[in-house]
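Throughout, read-outs are computed from the coordinates displayed, never taken from laboratory work. From a predicted model like this one, the values you see are computed outputs, not experimental measurements. So basically every Cβ, Gly included, is an ideal-geometry build from the backbone, and we count neighbours across all protein chains shown.
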Amino acid sequence: MRKKIVAGNWKMNTLPAEGVELAKGVAAGKSAAGECANLIVCPPFTHLHSVVETLKDSGIAVGAQDCATEAKGAYTGEVAASMIAALGCKYVILGHSERRQYYGETSETLNKKMAQAYANNLTPIYCVGENLDEREANRHFDVVKAQIEEVVFNLSDEQFRNLVIAYEPVWAIGTGKTATADQAQEIHAYIREVLRSKFGAAADDCSILYGGSCKPSNAAEIFAKADVDGGLIGGAALKAEDFLAIATA
Ligand code: PEP
């Protein structure tokens, strides 16, 4: 049985003290939501330590939003996967569309980051998704297929068993536009089929999350679809109440 997961991507939001308050809010209201899904929060690097401490024993996991391509050394400003893992984080988001779009991340970069994540026992939450032009040109299937083939297909069977995928249409991120539940199901089922072509039945155990303007009012319908195993939540993850309402959905 694949896991239901709801992960909050806080992006570059909250000061450290605010992040701790948000984490406390999530932990305090967790009971019902925690029975519905595995909860993960992904704060900025600067508060990973304090949020891990705050959520100790809460059952809520912590992830980073990115990691370096290299293990260590003269890479000013970078944060190594080993450093993230040493803080007690279990996950790392890789290939988020904002990283691809604003920081030029390519499949080549992401292959290195994936290797660093696995070498440090972090579970990658690997993001894929098309932009608006690609969707309008009906190229969304090809785009996500390439993003998977160029990175996920390089994983071993064992690594694949420890991977979460997030499908996030770029046109739906932070825009208030959401894929319909049927659009989400269609592409999630397609992603699973692509994964099955390489990894066989293990594809059925891979959690594929939906992300893009997910909120308490639309989560239930999207999450009810057979191949949607939860969500990666941006804006709505910044309010404990909304994040928990989404997880309960
Ligand atoms: C995201 O960027 O991962 C995301 C899903 O953002 P939002 O929920 O704000 O659209």
Percent of all alpha-carbon pairs of the chain at distances over 30 Å, whole number, is 19
If the chain between Ala201 and Ala220 were fully extended at 0.36 nm per residue, the gain over the current Cα-Cα distance would be 4.2 nm
Given 225-236, 135-146, the highest-first ranking by average Cβ count within 10 Å works out to 225-236, 135-146
Phi angles of the stretch 72-79, converted by Karplus (6.51 cos²θ - 1.76 cosθ + 1.60, θ = phi - 60°) into ³J(HN,Hα) in whole Hz with x for Gly and Pro, give 5, x, 7, 10, 3, x, 8, 10
Long-range amide H partners of Asn38, meaning residues 5 or more apart or on another chain whose placed amide H is closer than 5 Å, are Lys4, Ile5, Val6
Amide H contacts under 5 Å for Ala166, restricted to residues at least 5 apart in sequence or on another chain and with H modeled in the peptide plane, are Tyr126, Cys127, Val128, Leu209
Once both label points are put 7 Å beyond Cα along the C-beta direction, the Leu132-Glu70 separation in nm becomes 3.8
Here the stretch 142-155 yields Karplus 3J(HN,Hα) values (6.51, -1.76, 1.60; θ = phi - 60°; whole Hz; Gly and Pro given as x) of 5, 5, 5, 4, 5, 4, 7, 4, 6, 10, 5, 5, 8, 7
With x for Gly and Pro, the residue-by-residue ³J(HN,Hα) of the stretch 197-208, computed from phi through the Karplus equation 6.51 cos²θ - 1.76 cosθ + 1.60 at θ = phi - 60° and given in whole Hz, is 5, 9, 10, x, 4, 4, 4, 6, 9, 8, 6, 10
Of 164-175, 8-19, ordering from highest average Cβ density within 10 Å down gives 164-175, 8-19
Magnitude of the Cβ-charge dipole (Lys and Arg +1, Asp and Glu -1) of the chain about the Cα centre, nearest 20 debye, reported as 400
Along the dipole axis of the stretch 145-249 (charges at Cβ: +1 for Lys and Arg, -1 for Asp and Glu; origin at the Cα centre), the most positive-end residue among Phe243, Phe199, Phe223 is Phe243
One finds the C-alpha centres of the stretch 1-70 and the stretch 84-104 to be spaced, in Å, by 14
If the chain between Glu53 and Thr180 were fully extended at 0.36 nm per residue, the gain over the current Cα-Cα distance would be 42.0 nm
